[in-house]
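Contents: one structure, followed by commentary.
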Amino acid sequence: MIIICGFGTVGKKAAEFLTISGRETLAIDVNEKMFENYMGKYVIGDAKEEDVLKKADVEKASTLIACTNSDAANAFIILSALAINPDLTILTRAENLESVEKLYKAGADHVIPRTAIGSRMMVKHALSPYAAEFVSRIALAKDIEIADLLLPSGSKIANKKIGDSGIRKNTGATIVAIKRDNEIFQNPNKDTTLKENDILMVVGSTEQIKRLSEMMKKGKI
């Protein structure tokens, strides 16, 4: 299970992507209004408090995403969560570059500076404008998603070539990369063979990726 602390714009988008990818998620936010029309699991409370984290079953979680808009709050959340479950993988955002090192010291495994994301995209636009525009369009589009989906053991398409898998035909989604063990195969072609436990990076509309995820879960693919 992946716990999301802070259910603002970033938290909501993270939950959406993770749900599409078939991951179990639970969100925490102190503001009850943030969960209006949200159908997933959530806990109302301050994620800095151990009682709230325990109510969210943080001891059973594999990953925690701290994405409030306060670096200090994210640091406290990390410390509190690791006190309960020291094996957690922690991802967090940093509003200020000065906070990056502090968040790592608090125990974060990955810290993503908000300003660095914008800077990186500006550099990409300068060096590779067409590629950067493509990435920007995907990031901003409401109905285009990128998701990682696990090809489960016993899948009907394991050991089949991508062209024979029926993924594109039956769902409309496109495989753009495959992670297998410690290797990543970028831009696989129709003759690339799929293996059990491959992680497929797919691009498509929200509905297409949801359809693929559901078909994989039900063993139809």
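The values are calculated or read from the model by the stated rules, or taken from the named source; none is laboratory data. This one's a predicted model, so the numbers in the text were calculated from it and none came from an experiment. All Cβ positions, glycine included, derive from the backbone under ideal geometry; neighbour counts span all protein chains shown.
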Checklist entry - Quick check, is residue 58 within 20 Å of the chain's Cα centre (by Cα), in contact (Cβ under 8 Å) with a residue 24 or more places away in the chain and over 24 Å from residue 146 (Cβ atoms)? => result yes
Next on the checklist: Suppose we keep only residues that are surrounded by fewer than 16 Cβ atoms within 10 Å (Cβ to Cβ) and without any contact (Cβ under 8 Å) to a residue 12 or more places away in the chain within segment 165-191. Which one would you say is farthest from the chain's Cα centre (by Cα)?
Outcome noted: 169
Next on the checklist: Checking the structure you have, find out if any residue of segment 192-206 is part of a helix (DSSP H, G or I) and within 17 Å of the chain's Cα centre (by Cα).
Outcome noted: yes
Checklist outcome for this item: Quick count over segment 44-53, residues being in a helix (DSSP H, G or I) and surrounded by fewer than 21 Cβ atoms within 10 Å (Cβ to Cβ), is 3
Checklist entry - Looking at (1) modelled with pLDDT under 95; (2) surrounded by 17 or more Cβ atoms within 10 Å (Cβ to Cβ); (3) farther than 21 Å from residue 14 by Cα, can you tell me which one residue 67 breaks? => result (3)
Item to check | Checking residue 90 against (1) aliphatic (A, V, I, L, M); (2) part of a strand (DSSP E or B); (3) touching a Cys at 6+ places or on another chain (Cβ under 9 Å), the condition it does not meet | outcome: (3)
Item to check | Residue that is surrounded by the fewest Cβ atoms within 10 Å (Cβ to Cβ), among those in segment 206-221 that are over 19 Å from residue 160 (Cα atoms) and among the polar types (S, T, N, Q) | outcome: 206
Checklist outcome for this item: Of the residues in segment 1-13, those that are more than 19 Å from residue 108 (Cα to Cα), part of a helix (DSSP H, G or I) and touching a strand residue (DSSP E or B) at 6+ places or on another chain (Cβ under 9 Å) number 1
Item to check | Single unsatisfied condition, residue 37 versus (1) in a helix (DSSP H, G or I); (2) surrounded by fewer than 16 Cβ atoms within 10 Å (Cβ to Cβ); (3) out of contact with any helix residue (DSSP H, G or I) (no Cβ under 9 Å at 6 or more places or on another chain) | outcome: (1)
Checklist outcome for this item: If we ask which residues in segment 158-188 are under 30 Å from residue 13 (Cα atoms) and out of contact with any Pro (no Cβ under 9 Å at 6 or more places or on another chain), their number turns out to be 20
Next on the checklist: From the list 81, 56, exactly one residue is under 25 Å from residue 20 (Cα atoms), surrounded by 19 or more Cβ atoms within 10 Å (Cβ to Cβ) and in contact with a Leu (Cβ under 7 Å, 6 or more places away or on another chain). Which is it?
Outcome noted: 56
Next on the checklist: Being outside any loop (DSSP other than H, G, I, E, B), over 17 Å from residue 69 (Cα atoms) and among the charged types (D, E, K, R) is the filter here; which residues of segment 14-31 pass it?
Outcome noted: 16
